[in-house]
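Visitor: Could you have a look at this structure, given as C-alpha cells, before my questions?
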C-alpha cells in the first residue's frame, strides 16, 4: 500500500514511521489513522522488523485530531461509525515494541497516540496536552484513561479540565516521558533505544510488553502470577539457554527467537 500521510523506513530491523501532514501539524485525520494502522500491522507481520519508532516533525509530533474532519459530525456519525476505534484497536494489537519520539506539540489525539506507544522519548521542545475541553468535548482515545494511569488523577484532571500543556521536563518527572534529550539528538536517542531492543530475544521482548501492560489492567496478585508463569515459560525456549550460557561464558548472546 502506498502511503500519503506517513513515511515508512526500515533499517537494521527498526521501522521508523514518520507522520507526514506538515501543513496540518500532523493532525490525525481518517486517512492518516487508517494508513498508520495498516503500516503497523505490516510491521507486525514483517519478520525483518523487531522494533518500531513513531515520530513527527520538530514542530509537531501530532497537534491533535483533525478538527475540520470532525466539526460537522453528529452523535450518530461518531457513535455508529465508532470514530477512531478500528484504527486504535489495530495499533494496540501490535505485539512488537513501539517507541514514540516526540518533538513539539503532542496534543489531544497526538498525546493519546504517544501514550499508545510503549514508551516516550521526548525532546526538550515537547509539549503534551489534552485540550479537548476547549472544543466542548472530552478526550476520546485515552486522554482520560491512559493519562490518569500514567501521571495520576490530580495531574490528569488538571490537564483535561484546564487544557494546560505539560512541558518535557514535567512529562519526565510525571512518568509520561521516559527520557528527555535535545531536539537534534531525539532520533539518535530513539534509534539507539530501538536498536538495543532489536538485539534481544523477540520472544522475551513480546512477553515483557504484555506483562508490563497487564500491570495496568489486573490486580497485583494476578499480575505477579502472570509474570512468574511467563518467567517459567521462557525456560522452554532456546533463547533462555543461549542467554544464560552467553552470560556465564562472558560473550554476546546470539538469539534466534525460538
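The values are calculated or read from the model by the stated rules, or taken from the named source; none is laboratory data. Just so it is clear, the structure is predicted and the values come from calculations on it, not from any experiment. Reconstructed Cβ throughout: ideal geometry from the backbone, glycine too, with neighbour counts over all protein chains shown.
Visitor: Condition test on residue 35, is it closer than 21 Å to residue 2 by Cβ and modelled with pLDDT under 95?
Guide: Working: closer than 21 Å to residue 2 by Cβ: yes; modelled with pLDDT under 95: no.
No.
Visitor: With the structure loaded, tell me whether residue 205 is in contact (Cβ under 8 Å) with a residue 40 or more places away in the chain and farther than 29 Å from residue 258 by Cα or whether it fails that test.
Guide: Values: in contact (Cβ under 8 Å) with a residue 40 or more places away in the chain: yes; farther than 29 Å from residue 258 by Cα: no.
Here the answer is no, as residue 205 does not meet what is asked.
Visitor: How many residues are in a helix (DSSP H, G or I) and either modelled with pLDDT under 95 or over 16 Å from the mean Cα position of the chain (by Cα) (or both) when one looks only at region 199-210?
Guide: Pass one, region 199-210, residues in a helix (DSSP H, G or I): 202-210.
Among the residues that remain, those that are also either modelled with pLDDT under 95 or over 16 Å from the mean Cα position of the chain (by Cα) (or both) are: 202-204, 207.
Here the count works out to 4.
Visitor: Residue check: is residue 151 under 22 Å from residue 91 (Cβ atoms) and in contact (Cβ under 8 Å) with a residue 12 or more places away in the chain? Step through it out loud before you land on a result.
Guide: On the way: under 22 Å from residue 91 (Cβ atoms): yes; in contact (Cβ under 8 Å) with a residue 12 or more places away in the chain: yes.
Yes, satisfied.
Visitor: Now a separate question. Out of curiosity, is residue 222 modelled with pLDDT under 95 and more than 23 Å from residue 54 (Cα to Cα)?
Guide: Values: modelled with pLDDT under 95: no; more than 23 Å from residue 54 (Cα to Cα): yes.
Here the answer is no, as residue 222 does not meet what is asked.
Visitor: Taking the criterion of being exposed (fewer than 15 other Cβ atoms within 10 Å of the Cβ) and either under 13 Å from residue 115 (Cα atoms) or over 19 Å from the mean Cα position of the chain (by Cα) (or both), would at least one residue in region 188-198 satisfy it? So that I can check it myself, show each step before the final result.
Guide: Within region 188-198, the first condition is being exposed (fewer than 15 other Cβ atoms within 10 Å of the Cβ), and the residues that meet it are 188, 192, 196.
Retained after the next criterion (residues that are either under 13 Å from residue 115 (Cα atoms) or over 19 Å from the mean Cα position of the chain (by Cα) (or both)): none.
Scanning region 188-198 turns up no residue that is exposed (fewer than 15 other Cβ atoms within 10 Å of the Cβ) and either under 13 Å from residue 115 (Cα atoms) or over 19 Å from the mean Cα position of the chain (by Cα) (or both).
Visitor: Further question on the same structure: Here is a list: 48, 96. Which entry is modelled with pLDDT of 95 or more, under 14 Å from the mean Cα position of the chain (by Cα) and farther than 23 Å from residue 170 by Cα?
Guide: Working: 48 fails: under 14 Å from the mean Cα position of the chain (by Cα).
Matching residue, one of 48, 96: 96.
Visitor: Within region 102-115, does at least one residue satisfy the condition of being at pLDDT below 95, assigned to a loop (DSSP other than H, G, I, E, B) and touching a strand residue (DSSP E or B) at 6+ places or on another chain (Cβ under 9 Å)?
Guide: There is no residue in region 102-115 that is at pLDDT below 95, assigned to a loop (DSSP other than H, G, I, E, B) and touching a strand residue (DSSP E or B) at 6+ places or on another chain (Cβ under 9 Å).
Visitor: Within region 38-69, can you find the residues that are surrounded by fewer than 19 Cβ atoms within 10 Å (Cβ to Cβ) and farther than 14 Å from residue 15 by Cβ?
Guide: 57, 58, 59, 67, 68, 69
Visitor: OK, next. Given the condition touching a helix residue (DSSP H, G or I) at 6+ places or on another chain (Cβ under 8 Å), in a helix (DSSP H, G or I) and surrounded by fewer than 22 Cβ atoms within 10 Å (Cβ to Cβ), answer yes or no: does some residue in region 139-148 qualify?
Guide: Just the residues of region 139-148 that are touching a helix residue (DSSP H, G or I) at 6+ places or on another chain (Cβ under 8 Å), to begin with: 139-144, 146-148.
When the remaining residues are screened for being in a helix (DSSP H, G or I), the result is 146-148.
If we keep only those that are surrounded by fewer than 22 Cβ atoms within 10 Å (Cβ to Cβ) too, we end up with 146, 148.
The answer is yes; a qualifying residue exists.
Visitor: Let me ask another. If you check residue 175 against the conditions, is it under 18 Å from the mean Cα position of the chain (by Cα) and modelled with pLDDT of 95 or more? Full working, then the answer.
Guide: Working: under 18 Å from the mean Cα position of the chain (by Cα): yes; modelled with pLDDT of 95 or more: yes.
For residue 175, the condition - under 18 Å from the mean Cα position of the chain (by Cα) and modelled with pLDDT of 95 or more - is met.
Visitor: Of these, 206, 230, 244, 202, which one is over 25 Å from residue 116 (Cα atoms), surrounded by 12 or more Cβ atoms within 10 Å (Cβ to Cβ) and out of contact with any strand residue (DSSP E or B) (no Cβ under 9 Å at 6 or more places or on another chain)?
Guide: Details: 206 fails: over 25 Å from residue 116 (Cα atoms); 230 fails: over 25 Å from residue 116 (Cα atoms); 202 fails: over 25 Å from residue 116 (Cα atoms).
Selected residue: 244, the only one of 206, 230, 244, 202 that is over 25 Å from residue 116 (Cα atoms), surrounded by 12 or more Cβ atoms within 10 Å (Cβ to Cβ) and out of contact with any strand residue (DSSP E or B) (no Cβ under 9 Å at 6 or more places or on another chain).
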